[in-house]
Amino acid sequence: MRKFASGGLRSLLIHSFQQKHILRPHHPSSSLSSSLPRFLSSSTPVLDFTPPSTSSMADPSASKLPVTLQNINPKILKCEYAVRGEIVTLAQRLQEELLANPGSHPFDEILYCNIGNPQSLGQHPITFFREVLALCDHPSILDKSETQGLFSADAIERAWQILDQIPGRATGAYSHSQGIKGLRDTIAAGIEARDGYPADPNDIFLTDGASPAVHMMMQLLISSEQDGILCPIPQYPLYSASIALHGGTLVPYFLDEASGWGLETSELKKQLEDARSKGINPRALVVINPGNPTGQVLAEDNQRQIVEFCKQEGLVLLADEVYQENVYVPDKEFHSFKKVSRSMGYGEKDISLVSFQSVSKGYYGECGKRGGYMEVTGISPDVREQIYKVASVNLCSNISGQILASLVMSPPKVGDESYELYCAEKDGILSSLARRAKTLEDALNNLEGVTCNRAEGAMYLFPRINLPQKAIKAAEAANTAPDAFYCRRLLNATGIVVVPGSGFGQVPGTWHFRCTILPQEDKIPAIVTRLTDFHKSFMDEFRD
């Protein structure tokens, strides 16, 4: 045998406004004071930055230290990430209290519905993927007779194939900065099989999850506050955070909640023109499909309109497609923007498109392995060299993540020993997620004053909560956003962790929260009961 990424969005936009670079999108339901961006809530966000002079964290001895809040990069202060914000910090403290003093709260466990982290909530990894990873990381067992009985034959063969592509067959060594060439070949072949159009492995940059790829593109596209990035509202806070860190301006466009979080090109055009009238140079359009936090799946005709819009306006299309495997309704189907643009006859010279994929989502949920990639097309060779230079600064992404990215795009096939088990695991996870999504969607729509759009895809629901005026006033008195006030009360009463909609952006005067569908199916009834009981009590307490 052979050897061998809330409040951060609001802070960013307020800063831009103060610098006369704020973009106030026109929205029919907006009616705010001219002193704030119109799409922002008028209430103080839960994670608004407190100046160091009044911060509760102020320490007299800190003034003797060379690094203070006053002299660090101000972009860091503007950057916030609601998904792991104040509510989660409180949840972690409550969890410690439960461990130290069982029975100290009216619940016996914290249910983290705040982040798309499937395996932390009990989802099992795909057996084939983990077998290949184990064999690659410990290749000496490939020569042992016992291995044949412990691992599937196709996992053993795939591990040999991958090890042959790695210099020195060493997963602990650095790789090419774009990622191992053989793995990029496999990913390109997977993209081609998915889309029916050629893919070039030299267009692929393997990264530690999709987030570093997003940061890399923001770093490339943003040179000053005059550079704008069109982002959906609601949006995944990675985008507002990365735009803040790199010093650009977020140009918001609203998704239409009434039409199932629809994306209208007329809205894109309106916000683009408004941005340009204010001296902003929009460089790119971010589209998240399936949507996060909104869960919609774009229709192919809508995608064609978006591609045409980007082509006509000279925008780079940044396609966040990390939930491409998470589609739960029979009348919707995922289509990559690469496939759509090529089907329209547009090639490398017609449109600049960057597509993001991750091993953290889908049915695999390998968040901790930090694997992902971006496919960069319609970019000139000299600019590609600059992207490679930025990638080289980080040396390379981790090898386990690179291997997983190749496995995700090239899973077992018919006739392989692992195929039946792989299909059973994949189908079991996705069908369970669909059931969980529908159960939670129905439960939310049965709550007083709550409306929730259909969960077509991704891993989240984003219900709208119509809060009584008493609750809104109580939130104002507590110096927090009304939806954050609701989420905090929910956590303290039930142990359920959700993220306030103010962390994602929302139409002014509306309130939401994001809830994952990831708790295991046997826990969903308890979540529904706890949420229902809490909501009734909350509404009774604050009824106008």
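Here are a few things to note about the model shown:
- Cα centroid of segment 163-183 to Cα centroid of segment 274-315, whole Å: 36
- Rolling a 1.4 Å probe over the protein heavy atoms gives segment 226-341 an accessible area of 28 Å² per residue.
- Packing rank of 493-501, 385-393, where each peptide gets the mean count of other beta carbons within 10 Å, highest leading: 493-501, 385-393
- Helical runs (DSSP H, four residues minimum) scored at -39500 (n - 2.57) apiece and divided by the length of the chain put the mean residue ellipticity at 222 nm at -12500 deg cm²/dmol.
- Antiparallel DSSP beta bridges within the chain, as percent of all bridges there, nearest 5: 50
- Cross-link partners of K75 among aspartates and glutamates (Cα-Cα below 18 Å; sequence separation of 8 or more within a chain): D48, E225, D227
- Within the accessible surface of segment 335-430, defined with a 1.4 Å probe on protein heavy atoms only, the carbon and sulfur portion equals 55 percent.
- Violating pairs (Cα-Cα greater than 31 angstrom) within the set K270/K369; K339/K361; K270/K361; K361/K536: K270/K369; K270/K361; K361/K536
- The overall shape of segment 393-544 is prolate: from the C-alpha gyration tensor, with semi-axes ordered a ≥ b ≥ c, the ratio a/c is 1.5 or greater and a/b exceeds b/c.
- Interchain or long-range residues, amide H under 5 Å from S418's placed H: D154
- Tail fraction, Cα-Cα pairs, the chain, threshold 41 Å, whole percent: 23
- Under 25 Å of direct C-alpha separation, and excluding same-chain neighbours fewer than eight residues apart, K78 reaches these lysines: K20, K64, K278.
The values are calculated or read from the model by the stated rules, or taken from the named source; none is laboratory data. Fair warning: this is a prediction, and the values are worked out from it, not measured in the lab. Heads up, the Cβs are rebuilt from the backbone with ideal geometry, glycines too, and the neighbour counts pull from every protein chain shown. The protein model used for the area step is the full one, side chains on, heavy atoms only, and it has no ligands, DNA or RNA in it. Shrake-Rupley method; radii C 1.70, N 1.55, O 1.52, S 1.80 Å.
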